[in-house]
Amino acid sequence: MVYKLGFIDDDDSLINDYKTRLKRKEIELVFVENCTTKKDVLKWILKNEIKCMLVDYKLTAAYDFNGTELVAFLNSELPDLPCIILTNYCDQGIGENLVIKNLFIEREKLDSDFESSTFEELVACFKQAVDVFNNRLKNNISEYEELKLKKDNGEISAHEEERLLEVFRILRAYNEVDDIPAELLTTNAAKKMSDILQSLDKLLDNTK
């Protein structure tokens, strides 16, 4: 199994070294490129099916936000995605109270010796984060199936329908559900489709 991680940093000078070292540990590291806003990063994550994000704390040399601000945004938009902040400024980042303390890892651990226990512990942390995401994805599939059944039976509430669309978009991004227009999952769309079919039935009856 290959573990796929995204990585955003305002300095790409070490990315090839990180990629090589982590590849030997069955981890594929994908570097964020051509993104300027937090929404761009979110779209990039979904497009590349990223299952864990490594975020450098000091992004402000290339972005108008720092790592904790980005993670707070991603947590609100994609709450199941594990995000880990790499930093030499743990106290500063933790003091902002935007991200819980456990999500901070000292940047020097990623630079530690390939065969060291420190690096092995870090790799284990990354893999466990991906495993967590995969399990959450399975839970989302179960939730989607339950909500879809409710919708099909006309028993879904407005809040549940909103959640159905949210889960569907996530699952579609990770190729876990068929690629159908999200609009077709709404009650209004179902009603319109029903009206169209009824009209077609009447038209066919009139032509007999």
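Okay, here's what the table says:
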item	result
LEU46 being under 23 Å from ASN134 (Cα atoms), touching a residue at least 60 places away in the same chain (Cβ under 8 Å) and buried (at least 19 other Cβ atoms within 10 Å of the Cβ)	no
Hits in the stretch 89-105 - residues which are touching a strand residue (DSSP E or B) at 6+ places or on another chain (Cβ under 7 Å) and modelled with pLDDT of 60 or more	LEU103, PHE104, ILE105
Every residue from the stretch 1-14 that is under 21 Å from the mean Cα position of the chain (by Cα) and either in a helix (DSSP H, G or I) or surrounded by 11 or more Cβ atoms within 10 Å (Cβ to Cβ) (or both)	TYR3, LYS4, LEU5, GLY6, PHE7, ILE8, ASP9, ASP10
Residue that is surrounded by the most Cβ atoms within 10 Å (Cβ to Cβ) [pool: residues in the stretch 135-163 that are of a type in the set (A, V, I, L, M) and farther than 19 Å from TYR174 by Cα]	ILE156
Positions within the stretch 22-59 being among the acidic types (Asp, Glu), assigned to a helix (DSSP H, G or I) and touching a helix residue (DSSP H, G or I) at 6+ places or on another chain (Cβ under 7 Å), in sequence order	none
Matching residues in the stretch 60-81 - criterion: being over 8 Å from the mean Cα position of the chain (by Cα) and part of a loop (DSSP other than H, G, I, E, B)	THR60, ALA61, ALA62, TYR63, ASP64, PHE65, ASN66
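The values are calculated or read from the model by the stated rules, or taken from the named source; none is laboratory data. None of the values given here were measured: they were computed from a predicted structure. Positions of Cβ are backbone-derived with ideal geometry, glycine not excepted, and every protein chain shown enters the neighbour counts.
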